[in-house]
1. For the stretch 161-172, take each phi angle, set θ = phi - 60°, evaluate the Karplus expression 6.51 cos²θ - 1.76 cosθ + 1.60, and give the result in whole Hz per residue in order, putting x for glycine and proline.
2. Using a Förster distance of 51 angstrom, determine the FRET efficiency expected from the C-beta separation of Asn147 and Glu236, and round it to 0.05.
3. How many nm separate the modelled label positions at Glu31 and His52, each set 7 Å beyond the Cα in the direction of the Cβ?
4. List the relative contact order of the stretch 67-222 as a percent without decimals, with contacts defined as Cα pairs under 8 Å and 6+ residues apart.
5. Amide H to amide H under 5 Å from Phe256: which residues, 5+ apart in sequence or cross-chain, H placed 1.01 Å off N in plane?
6. Which value, in debye to the nearest 20, gives the size of the charge dipole of the stretch 109-191 about its Cα centre, when Lys and Arg are +1 and Asp and Glu are -1 at the Cβ?
7. Under a crude label model (7 Å from the Cα following the beta-carbon direction), how far is Val13 from Asp124 in nanometres?
8. Under a Cβ-only charge scheme (Lys and Arg +1, Asp and Glu -1), can you give me the dipole magnitude of the chain about the Cα centre, in debye to the nearest 20?
Amino acid sequence: MSLRFRWISQCEVIDEENVEEHIFELYSERELQNNLGYHDRTANKITIELPHSHQDFSISQSLSRLSDHKVNSSTTGFVCWDASIYFADWLLASPVCPVTLSKDFTVLELGSGVGGIVACALQDKVGRYVATDQKHLLELLEENIVNNTPRKNYDVVEFDWEDIECGLEALKELGVDGESVDVVVACDTIYNEYLIPYFLNAMKSVMSGSTVAIVCLQLRDSITFEHFVHTIIGDEELELSNVPGRLLSAELNNGFVVYALTKK
């Protein structure tokens, strides 16, 4: 692993020997949130302030499309989620965050959602930011990034996890592939078991041996979460490391978990 990712050595590798203890500790020691994780379901126009870096974003979301049962694809991305807010703020302003952003990095996000909070927060801190999601979310996603960022060093790309080849072709046209992606980020992208293999395959498809994926999840249903963790542990290509609570912000310690994933 590159020296620029030496922070991973501070994390705990999760494997078959310690996974049950790890999951038990998460659900017993981190106070769980009694909500689904939506940030605000009261309005289509909301203002989001990152609590420590104090960045403000004016975000358009779509409450009508969130509940539109006629949409064949996922609709959860039509609103903002707390995980992305706390994750972005942790990377930008937490004194205990071990991750150092670099202008040399190409960052690719899986499941950006229409809010694009992480993209808005990080895109001027890295060399290039690639925000991806399903096609029906992209127009509002790009609108929010344009309205909240000072410069254009980002791309918005369709990448459906169930159609990886199409997504990889779109990335290739931009000159982006696994060898050029330094960091993959994803926030609250797992909310049912069906998605897990598709998400992991999509993630692996944009990673090389030198890429680090940083995944933030809200701790909700323990069955889905356990399935997610066990699937990664059983994957022959991936190694899972837990970012310990001492390296997380108070907000992330309150019902969230952050993992670093690398290729073996």
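1. The phi angles translate into 5, 8, 9, 4, 4, 5, x, 5, 5, 5, 5, 4 Hz.
2. 0.75
3. Going by the 7 Å Cα→Cβ label model, 1.7 nm.
4. 22 percent.
5. Amide H neighbours of Phe256: Leu219.
6. The dipole of the stretch 109-191 has a size of about 500 debye.
7. About 4.1 nm, to one decimal.
8. With Lys and Arg at +1 and Asp and Glu at -1, about 900 debye.
The values are calculated or read from the model by the stated rules, or taken from the named source; none is laboratory data. Predicted model, so just to flag it, every value in this text is computed and none were measured. Counting neighbours? That spans all protein chains shown, and the Cβs are built from the backbone with ideal geometry, glycine included. With ligands, DNA and RNA removed, areas are computed over all heavy atoms of the protein, side chains included. Shrake-Rupley method; radii C 1.70, N 1.55, O 1.52, S 1.80 Å.
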